Amino acid sequence: MESDAETLFRYASDPEVGPLAGWPPHKSVEESREIIRTLFSGEGMWAVVWKATGEAIGCVGYLPASVSNLSIGTDECEVGYWIARPYWGMGICTDALRLVVEHCFREKGFRCLWGTHFPDNPASGRVMEKCGFIDTGKETLCTKLAIGSDHPVKIMKKEK
């Protein structure tokens with residue numbers, strides 16, 4: 001929700017967060033509001049909310065083949081997620097990704113899910129491994145990323 005823009009800015013302006021996921025730190029509340037309007041409000045994207053406070057602390061979702069960073073089939077999708085630094089290492093991304101995986105297979109009927117992570121962000125790879133993704137042993141460039149499009153990412157895969 002656009003009302004989460006100030007909270008999003010507080011977490012997404014952290015220079016340790018966005019670049020690990022391929023996007024630059026946010027520079028203003030208005031930029032965060034625009035990201036909510038254009039990217040986070042689409043089908044397949046959800047806020048990760050800290051139950052104790054109701055605060056949005058990250059985002060999780062899937063990208064269909066038409067907007068994926070990878071060349072995948074129409075019955076496949078790419079998953080992605082990020083979480084605010086104060087919540088790293090708490091299993092929140094793993095729990096959120098498990099829900100997305102279940103939704104993608106049960107509700108959307110995808111037969112295969114893909115994910116990527118930068119080699120210098122092994123924690124992201126561990127999240128996918130905990131959700132049953134396997135390392136394909138392949139790397140690629142994700143040219144659609146705002147940051148790191150010239151750095152290879154490891155490709156992970158989970159089949160139904």
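Residues in region 1-43 that are under 16 Å from the mean Cα position of the chain (by Cα) and of a type in the set (A, V, I, L, M, F, W, C): LEU8, ALA12, VAL17, LEU20, ALA21, TRP23, ILE35, ILE36, LEU39, PHE40. Any idea how many residues of region 105-132 are more than 16 Å from the chain's Cα centre (by Cα), in contact (Cβ under 8 Å) with a residue 24 or more places away in the chain and not in a loop (DSSP other than H, G, I, E, B)? Residues flagged as more than 16 Å from the chain's Cα centre (by Cα), in contact (Cβ under 8 Å) with a residue 24 or more places away in the chain and not in a loop (DSSP other than H, G, I, E, B) within region 105-132 amount to 2. The set of residues in region 69-104 being part of a helix (DSSP H, G or I) and under 13 Å from GLY44 (Cα atoms) consists of ALA96, LEU97, LEU99, VAL100, VAL101, GLU102, HIS103, CYS104.
Do we have any residue at all in region 16-38 that's touching an Asp or Glu at 6+ places or on another chain (Cβ under 7 Å), under 20 Å from MET156 (Cα atoms) and at pLDDT 95 or above? No, every residue in region 16-38 fails to be touching an Asp or Glu at 6+ places or on another chain (Cβ under 7 Å), under 20 Å from MET156 (Cα atoms) and at pLDDT 95 or above.
A count restricted to region 133-142 and to residues that are more than 8 Å from LYS157 (Cα to Cα) and either among the small types (Gly, Ala, Ser) or assigned to a loop (DSSP other than H, G, I, E, B) (or both) stands at 3.
Mind checking whether some residue in region 25-47 is surrounded by fewer than 18 Cβ atoms within 10 Å (Cβ to Cβ), among the aromatic types (Phe, Trp, Tyr) and either touching a residue at least 24 places away in the same chain (Cβ under 8 Å) or in a strand (DSSP E or B) (or both)? Taking every residue of region 25-47 in turn, at least one turns out to be surrounded by fewer than 18 Cβ atoms within 10 Å (Cβ to Cβ), among the aromatic types (Phe, Trp, Tyr) and either touching a residue at least 24 places away in the same chain (Cβ under 8 Å) or in a strand (DSSP E or B) (or both).
With ILE155, ILE134, ILE147 as the choices, which residue is under 20 Å from SER68 (Cα atoms) and in contact with a Ser or Thr (Cβ under 9 Å, 6 or more places away or on another chain)? From the options ILE155, ILE134, ILE147, the qualifying one is ILE155.
Scanning region 130-138 turns up no residue that is surrounded by 15 or more Cβ atoms within 10 Å (Cβ to Cβ) and either among the polar types (S, T, N, Q) or closer than 15 Å to GLY22 by Cβ (or both). Determine whether THR94 is at pLDDT 95 or above, among the hydroxyl-bearing types (Ser, Thr, Tyr) and closer than 24 Å to ASP120 by Cα. Taking the combined requirement at face value, the residue satisfies it. Among the criteria (1) touching a strand residue (DSSP E or B) at 6+ places or on another chain (Cβ under 6 Å); (2) in a helix (DSSP H, G or I); (3) closer than 20 Å to LEU20 by Cβ, the one ILE155 does not fulfil is (2). Using the structure shown, decide if GLU78 is among the acidic types (Asp, Glu) and in contact with a strand residue (DSSP E or B) (Cβ under 6 Å, 6 or more places away or on another chain). Considered against the rule, which asks whether it is among the acidic types (Asp, Glu) and in contact with a strand residue (DSSP E or B) (Cβ under 6 Å, 6 or more places away or on another chain), GLU78 comes out as yes. For region 64-84, name all the residues that are under 14 Å from the mean Cα position of the chain (by Cα), at pLDDT 95 or above and more than 20 Å from LYS138 (Cα to Cα). Result: PRO64, TYR81, TRP82, ILE83, ALA84.
The single condition among (1) within 28 Å of LYS157 (Cβ to Cβ); (2) part of a strand (DSSP E or B); (3) modelled with pLDDT under 95; (4) among the small types (Gly, Ala, Ser) that ALA56 does not meet is (1).
The values are calculated or read from the model by the stated rules, or taken from the named source; none is laboratory data. Note that this is a predicted model, so its numbers are computed, not measured. With ideal geometry, Cβ positions are generated from the backbone for all residues, glycine too; neighbour counts draw on all protein chains shown.
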